[in-house]
Amino acid sequence: MTILAVDDKQINNKVIELDVEEYMEDNGVSLYTFYEVGNGQEAITLTEKENIDILFLDIMMPKLSGLEVLQIIREKKQISQPKIIMVTALDEQDIKDEAKKLGADGYISKPFDNKEIFQVLDRYVQISQKIQSEEEFFDFDEDEEFFDFDEGDDSIGIQKDMMDEFNKSHKKVAAETFLAEYDSISYMIEDLGELEEDIYEYLDNLFEDNLEENMPNIILTLDRYANFLNSFMEFQELSTSIKFLSRILEKSDFSEVSAKNKMIVAEFIKTILNDLVSWKNHVFVDQDAVDVFYLNASLLNSCIQIENILKEIK
């Protein structure tokens, strides 16, 4: 079983890898290989060298788009053809139709969660473990041949190169300039305001001895902020990073974490959530931020530190 994730943003590949790892563990699948590459040409080259079973393919990539990569792979009749799942923030019917026409097997819109990845794996992991006839091939359409999955250590680490790449991908933009491109965000800000009232209640009393008890609230808060950030194309990478951290926290067994490390994780979580509230106010409420991306470096660094602590207990 071989799985390939293709996205020019490495953090997106890491999220898929984390979900694949969790699925395989839960389903007792030990023999599988996971590859990740950052551009379309690397994906094409790898499919020529390896028999890829499932390919998660981002659509919006520089040089070769995901749709172009899809077309090139489908035209290579001499290679083993993988199940290809398109992954994109463009949840538009014409894009789905084009993907279907070019031979895609599925479609996931960002932000996706682990249940959507699990749906893909439920469908195709079992298929790959036995010989299939042509009649069992799945394609996109309303009678379930085209499947829209939205409807229903180096393994997972956020590394420094990810943070550097992320920070270099954005130019300095003032809050007023940034918000001029958006008509109405007041309702989203109000939703976060209600959430922040609850944040301070448990942040004021968050310590190592009650970290596990408060974890459901922490995860919910991180997910809400990730969803808010994902409403803006410019913050999707940051959204993915926060969502990734949420999944790591959800997956971790804190009974195996030392009291000292629990204390460190609790302090990082307090910093992250306080920074998110402050950033939201400077960018969207007071609109006095001279750079709407000023939070990137510090937040990603905190995520890296938490992830490094927790992966040691695996």
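The values are calculated or read from the model by the stated rules, or taken from the named source; none is laboratory data. Only a predicted model underlies this, so the values are computations on that prediction, with no experimental measurement involved. Cβ sites come from the backbone with ideal geometry, for glycine too, and all protein chains shown count toward neighbours. To get the accessible areas, we keep the full protein, side chains included, count just its heavy atoms, and leave off ligands, DNA and RNA. Shrake-Rupley method; radii C 1.70, N 1.55, O 1.52, S 1.80 Å.
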So what are the ³J(HN,Hα) numbers for segment 290-306, from phi and the Karplus equation (6.51, -1.76, 1.60; θ = phi - 60°), rounded to whole Hz, Gly and Pro as x? 7, 8, 5, 9, 5, 7, 3, 5, 5, 5, 5, 5, 5, 4, 4, 5, 5
For the cross-link pairs K63/K280; K110/K262; K110/K260; K14/K49, which exceed 29 Å when the distance is taken from alpha carbon to alpha carbon? K63/K280; K110/K262; K110/K260
Rounded to a whole number, what % of the accessible area of segment 63-109 do carbon and sulfur atoms account for, probe 1.4 Å? 47
For segment 205-314, give the percent of accessible area contributed by carbon and sulfur heavy atoms, probe 1.4 Å, rounded to a whole number. 48
Rounded to the nearest Å, what's the spacing between the alpha carbon centres of segment 1-55 and segment 225-244? Just the number, please. 22
Per DSSP, loop GluC sites (Glu not before Pro) in segment 52-95 with at most 13 further Cβ within 10 Å: E92
Skipping prolines and chain starts, which residues have an amide H placed within reach, meaning under 5 Å, of the one on L4, given they are 5 or more residues away or on another chain? Y35, I54, L55, F56
